[in-house]
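Right, one structure below, let's go through it.
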Amino acid sequence: MTLLSSCGTSTSCPSGCSCNVNHTDCSDLNQLASLDSILDQLPFDTSYLNLSNNNFTTVEPGSFPHFCGLLHLDLSRNLLSSINLGCFSNLSTLLHLNLSRNLLSSVFPSSFSHLNNLGVLDLSENLLVRLPVNLFSDLGSLTELVLRDNILKELNPDQFKGLTELKRLDLSFNSLSSMPTHLMDGLQNLVWLSLMGNKLRTLQRNSLEPATALQQLLLDGNPWNCNCNLIPLKHWLEWIVYTGERDSANCSFPANLHGKDLRSIPMEMFRHCYPLYLDTRDPSAAEGHQVPAGSAGDCMRQRYRLVSVRRATATVVVAGVVCGVVCVMMVVTATYGCIYAMLMAHEQQQLTERNSQQQQPLMVAKKPEQDEKVDLIQIYSTTL
């Protein structure tokens, strides 16, 4: 009885809403500016609640006290500018929370506390500039986090600490100019990461290496400066091809590499990065491309987990050439066999014709002998 009273027993459906079994849709009611005017009229046994495309400006603490079985809450396309503490404290069963396309510019560190079962959190298309360090600390079950289309300029190294179940992370179309070294620590289940459309000019390889399960990486739309500092990332991108996919990382700088995919640039273009290959020219000739002090060893250190793509490509090319040569030899051999057979047949035909011509006179020469025998017989008969 206590559980039933705390969860509520209302089965009504507000005017303008659609209530079907456990699915309640109160979207596109643009005259609604406050949640309080509608929450008490909603069926408390609903598991899917759609409140999108309204004029809600705030969500008060304890706004959902009776929705004990709510699994999906959609508050997208409203006018929410902030998330108050304790807004979702009673929604421990919630699996999906959509707050996209609002006016959120700030959130409190404990805005999502008690959402222990939340699997998907969508904060895309808001006005977020910074995120509290512990914002996601209580979301240990989160598998997808969408932060696309905000104004994020930086992330704390511990921003995603504790999100061990996270599989998809969307940071695209923000204003990120760098990625903290340890940002991906603990994200061993991450399989999809988008960094598209930011302001990244460089990216440390060890920022991505902790994401050992990563299968798809999106990097397009950043002003990449393809100098010596990106060599470790180039090697890592070549390796990740074996385990999944990634889109292009097209260079914006320097001018001679503009528009080229970092992965496709031959390593010979980075020879000046290796002291071992420096020629007699003044190192200052490579201005803008030199390795900072102390990092030359990182450039020279080979950290491949698998054979590099360049070696694999060379192997494929060599194998293709060998196969091509073998095929050509087979065709030549077959052609030679056909020609040889034709020549032999022609020679045999000529030999047969010569034999025929040699036998023809012998047959003609026998006729005089026969005539001579007839004459002898006639003479003999006359004599008798």
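The values are calculated or read from the model by the stated rules, or taken from the named source; none is laboratory data. Small disclaimer: the values here were computed from a predicted structure and weren't measured. Cβ atoms come from the backbone with ideal geometry, glycine included; neighbour counts cover every protein chain shown.
Cβ-Cβ contacts under 8 Å between residues 6 or more apart (or on different chains), taken from a first residue in the stretch 304-330 that is within 22 Å of Ile265 (Cβ to Cβ) and of a type in the set (S, T, N, Q) to a second residue that is modelled with pLDDT of 85 or more and not in a loop (DSSP other than H, G, I, E, B), are listed as Ser308/His235. For the stretch 203-222, which residues satisfy the criterion of being among the polar types (S, T, N, Q) and either in contact (Cβ under 8 Å) with a residue 60 or more places away in the chain or buried (at least 19 other Cβ atoms within 10 Å of the Cβ) (or both)? Answer for the stretch 203-222, where residues must be among the polar types (S, T, N, Q) and either in contact (Cβ under 8 Å) with a residue 60 or more places away in the chain or buried (at least 19 other Cβ atoms within 10 Å of the Cβ) (or both): Ser207, Asn222. If only residues of the stretch 102-153 that are acidic (Asp, Glu) and touching a strand residue (DSSP E or B) at 6+ places or on another chain (Cβ under 6 Å) are counted, the one that is surrounded by the fewest Cβ atoms within 10 Å (Cβ to Cβ) is Glu144.
Within the stretch 237-257, residues that are among the small types (Gly, Ala, Ser) sit with their Cβ atoms under 8 Å from residues that are modelled with pLDDT of 80 or more and part of a strand (DSSP E or B), at 6+ positions apart or across chains, in these pairs: Gly244/Gln216; Gly244/Leu217; Ser248/Asp261; Ala249/Trp224; Ala249/Asp261; Ser252/Trp224; Ser252/Asn225. Would you confirm whether or not the stretch 182-201 contains a residue that is of a type in the set (Lys, Arg), over 17 Å from Asp149 (Cα atoms) and without any contact (Cβ under 8 Å) to a residue 60 or more places away in the chain? The answer is yes; a qualifying residue exists.
Condition check ((1) among the aliphatic types (A, V, I, L, M); (2) farther than 21 Å from Met269 by Cβ) across all residues:
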residue: Glu209; (1), (2): no, yes
residue: Ala213; (1), (2): yes, yes
residue: Asn222; (1), (2): no, no
residue: Pro232; (1), (2): no, no
residue: Trp236; (1), (2): no, no
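His66 passes every criterion in (1) in contact with a Cys (Cβ under 7 Å, 6 or more places away or on another chain); (2) buried (at least 22 other Cβ atoms within 10 Å of the Cβ) apart from (2).
Restricting attention to the stretch 43-77 and to residues that are among the charged types (D, E, K, R) and at negative phi, the residue that is nearest to the chain's Cα centre (by Cα) turns out to be Asp74. For the residues Asn174, Asn189, Asn198, the requirement of being of a type outside the set (A, V, I, L, M, F, W, C), crowded, with 21+ Cβ neighbours inside 10 Å, touching a Ser or Thr at 6+ places or on another chain (Cβ under 9 Å) and in a loop (DSSP other than H, G, I, E, B) singles out Asn198.
Of the strands (runs of 3 or more DSSP E) entirely within the stretch 31-110, those holding at least 1 residues that are free of Cβ contacts under 8 Å to residues at least 40 places away in the same chain, within 23 Å of Gly16 (Cβ to Cβ) and in contact with a Phe, Trp or Tyr (Cβ under 6 Å, 6 or more places away or on another chain) occupy 72-74.
Among the residues of the stretch 116-129, those that are in a loop (DSSP other than H, G, I, E, B) and at pLDDT 95 or above comprise Asn117, Leu118, Gly119, Leu123, Ser124, Glu125, Asn126, Leu127, Leu128, Val129. Return yes when Ala285 is at negative phi and either at pLDDT 85 or above or within 23 Å of the chain's Cα centre (by Cα) (or both) and no when it is not. No: the conditions fail for Ala285.
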